[in-house]
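Worksheet for the structure shown next.
Computed from the coordinates by the stated procedures, all read-outs in this text should not be read as laboratory data. Model, not experiment: these values are computed from the prediction. All Cβ positions, even for glycine, are placed from backbone atoms using ideal geometry, and neighbour counts span all protein chains on display.
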Amino acid sequence: MIVYIESNFVLELALEREQHAACRSILARSETGAIKLVIPAFSIAEPYQTLFRRFSDRKELYRRLMGELGLLGRTQSYQAAISAMRELSDLLLTSQADESGRLRSAVDSILAVAEVIPLDLNVIGQAFTYSYGLDVFDGLVFASISTHIAEASGEKCFLTRNARDFAAPELVHFLHSHDCRIFYDFDDASGYIAAQTR
């Protein structure tokens, strides 16, 4: 079975979100050879951009919060509360190193077992052919997967948490016509993959 993953699978692992255990289970099945993971090259780079934006937002929030705490700290009756808030606000910065390290680890684990679909001229051309209402980034992901699907045989699955963008009926029909199921929930996908690869 071929299992296509994209950026939100990587972020689910790296940020230890609510369905990261299912992602770990899917990754483990790939490590044993029970399934073949395939990921668009764009989906390896995109999580870094996502984290960069988050870190920039946090730095700005930290700067503003420290300014406000400085002002409030001038009031004697707020001193104890300000001290506790400073510790909490430091988490905004220290979490950056943790998340960066986990992202690198997740990407390394995926790259150790996954096939990477290159971002080439064919994929870029397809991204503008298959619009399905997708933005340019999701278009690149879907174009990568659709070009690979056209040449792959056997059962396939596409895993994404992005139901808002990847649920267009024509898009789903395209996948189904190429023997590819789509899952918008990693827990459901993990259960299905486990049942199919026993």
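If you run the Gaussian network model on the chain, springs between alpha carbon atoms under 10 Å, then out of THR75, THR160, THR129 the most flexible one is THR75.
Shape class of segment 16-80 from the Cα gyration tensor (axes a ≥ b ≥ c, square roots of the eigenvalues): oblate, since a/c reaches 1.5 or more and a/b does not exceed b/c. The ellipsoid equivalent to the alpha-carbon distribution of segment 88-128 has semi-axes of 33, 16, 5 angstrom, derived from the gyration tensor eigenvalues as √(5λ) and listed largest first. Couplings 3J(HN,Hα) of segment 10-17, computed from phi: 4, 5, 4, 5, 5, 8, 6, 6 Hz, in residue order, whole Hz [Karplus 6.51 cos²θ - 1.76 cosθ + 1.60, θ = phi - 60°; x for Gly and Pro]. In segment 1-158, a dipole from Cβ-located charges (positive for Lys and Arg, negative for Asp and Glu) runs towards its positive end, and of SER30, LEU13, THR129 it is LEU13 whose Cα lies farthest in that direction.
Quarter the surface of the alpha carbon convex hull of segment 115-162 and you get the mean projected area, 3.7 square nanometres. For a test of the definition: using alpha carbon positions, the gyration tensor, and the 1.5 limit on a/c, classify segment 91-191 as rounded, prolate or oblate. Prolate, since a/c reaches 1.5 and a/b exceeds b/c. Fewest-first ordering of VAL3, VAL136 by other beta carbons within 10 Å of each residue's beta carbon gives VAL136, VAL3.
Classified by the C-alpha gyration tensor, segment 146-198 has an oblate form. Its axis ratio a/c, with a ≥ b ≥ c, is 1.5 or above, and a/b does not exceed b/c.
Eigenvalues of the alpha-carbon gyration tensor of the chain, scaled by 5 and square-rooted, set the equivalent ellipsoid semi-axes at 40, 19, 14 angstrom, largest first.
When peptides 107-117, 77-87, 42-52 are sorted by average Cβ neighbour count within 10 Å, with the highest value leading, the order is 42-52, 107-117, 77-87. Between ARG102, ARG24, ARG58, find the one with the highest GNM mean-square fluctuation for the chain; connect C-alpha pairs within less than 10 Å. Among ARG102, ARG24, ARG58, the largest mean-square fluctuation in the Gaussian network model of the chain belongs to ARG58.
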